[in-house]
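S.K.: If you scroll down you'll find the structure; I have some questions about it.
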Amino acid sequence: MRPDFIAPTAQGGEALAERVAALNARYRHHGATAVLGHALSDPDVGRIALVSSFGAESVVLLHMVAVMSRDLPVLFIDTEMLFAETLAYQLELTERLHLSNVQVVKPDRAAVFERDNESLLHLYDPDACCALRKTEPLQRALAPYDAWITGRKRYQGRSRAGLDFFEAEGALRIKVNPLVHWTSQDLQDYIAENRLPRHPLVAKGFPSIGCQPCTTRVSDGEDPRAGRWRDTGKEECGIHFAGGRLVRGQAETA
């Protein structure tokens, strides 16, 4: 915990929501690269890191960051249940893009031993597994930061359809979504134009990639995220929740 950390309060949440509203108004008509560039320098955003899964579309934001600020902290949550292809891709992109501050964050060993010693928690309580292996490690890693960058887009639908460029994560910090207005085609065009390597599982029918036990192939015509926690009713891993509620945009955090 950083020395100047102040526990979140209702008043703190209101102040953060006001800053988020001002940022959205200020940059409403900007494009993705402009929003990202301003987020890296605007004092109303503060200390910031990129959180990347090194998944199917992650290379776009990683490349943008590499062009603007290669030493920006990049937090990669290794849940210890990822595909081997994801781990290899993370190393490949880090080297190829010359990212100098990638931080691999893993779940607490004692907590895993106590709560999921046999690595079977995902079978009967996937929410608890995500909390143990992803949400809790990420919150610890984000403690020094005032804001973090995500790769979420509106076209992904479901809980993401109402996203803005900036959103308040409860009273904790700001989330920045530079690609919020991009379509799948925009992403593919950017990857092709910049000759960026694709995640090897994309060609095998995985347009959205999480942990190996909870990710399945997606058929033509299905929602790109249909392969995540299939047939469980679960849509998010939990890192986009604040106070137990899913954060979808300014309207729900005001």
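S.K.: Which value in deg cm²/dmol, rounded to the nearest 500, describes the helix-derived mean residue ellipticity at 222 nm for the chain, given -39,500 (n - 2.57) per DSSP H run of n ≥ 4 and division by the residue count? Please report the intermediate quantities before stating the final value.
M.R.: Details: 10 runs with 87 residues, N = 254.
That comes out to -9500 deg cm²/dmol.
S.K.: Still on this structure, I have one more. Taking the alpha-carbon set of the chain, what are its Rg and Dmax in Å?
M.R.: In Å, with Rg to one decimal and Dmax whole: 17.5, 50.
S.K.: If you restrict to DSSP beta bridges whose two residues both lie in the chain, what percentage is antiparallel, to the nearest 5?
M.R.: Details: 8 of 20 bridges.
The answer is about 40 percent antiparallel.
S.K.: Grab the beta carbon distance between residue 226 and residue 192, set R0 = 30 Å, and tell me the FRET efficiency rounded to 0.05.
M.R.: E(calc), rounded to 0.05, equals 0.75.
S.K.: Please report 215, 86, 135, 33 as a ranked list, fewest other C-beta atoms within 10 angstrom at the top and most at the bottom. Intermediate results must be reported in sequence, preceding the final value.
M.R.: On the way: 215 22, 86 25, 135 19, 33 13.
Listed from fewest to most nearby Cβ atoms, that is 33, 135, 215, 86.
S.K.: At a threshold of 8 angstrom on Cα-Cα distance, excluding pairs fewer than six apart, so keeping six or more, what relative contact order does the chain reach in percent?
M.R.: RCO, the chain: 25 percent.
S.K.: Express in whole angstrom the spacing between the alpha-carbon centres of the range 133-199 and the range 45-76.
M.R.: 10 Å
S.K.: Take the Cβ-Cβ distance between residue 234 and residue 29 as r, set R0 to 41 Å, and report the resulting FRET efficiency rounded to the nearest 0.05. Intermediate results must be reported in sequence, preceding the final value.
M.R.: On the way: r = 35 Å, r/R0 = 0.86.
Efficiency for this residue pair is about 0.70.
S.K.: Per 0.36 nm of contour for each residue apart, how much would the distance between residue 120 and residue 96 grow if the chain were fully extended, relative to their Cα-Cα spacing? Please report the intermediate quantities before stating the final value.
M.R.: Values: separation 24, 0.36 × 24 = 8.64 nm, distance 3.50 nm.
Stretched out fully, the residue 120 to residue 96 stretch lengthens by 5.1 nm.
S.K.: Arrange 23, 16 by Cβ neighbour counts within 10 Å, fewest through most, would you?
M.R.: On the way: 23 25, 16 21.
Fewest-to-most ranking of 23, 16: 16, 23.
S.K.: What value in Å³ per residue do you get for the convex hull of the alpha-carbon atoms in the range 97-150?
M.R.: On the way: hull volume 6.8 nm³, N = 54.
It comes to 125 Å³ per residue, whole-number rounded.
S.K.: As a footprinting exposure proxy, order 36, 132, 138 by other Cβ within 10 Å, with the fewest listed first. Each step should come with its number before you reach the end.
M.R.: Details: 36 25, 132 21, 138 18.
So the residues, fewest neighbours to most, are 138, 132, 36.
Every number in this text was worked out from the coordinates using simple rules, so none of it is lab data. The shown structure was predicted, so the numbers you read here are calculated from the model rather than taken from an experiment. Cβ coordinates were reconstructed from backbone atoms using ideal geometry, including for glycine residues, and neighbour counts include every protein chain displayed.
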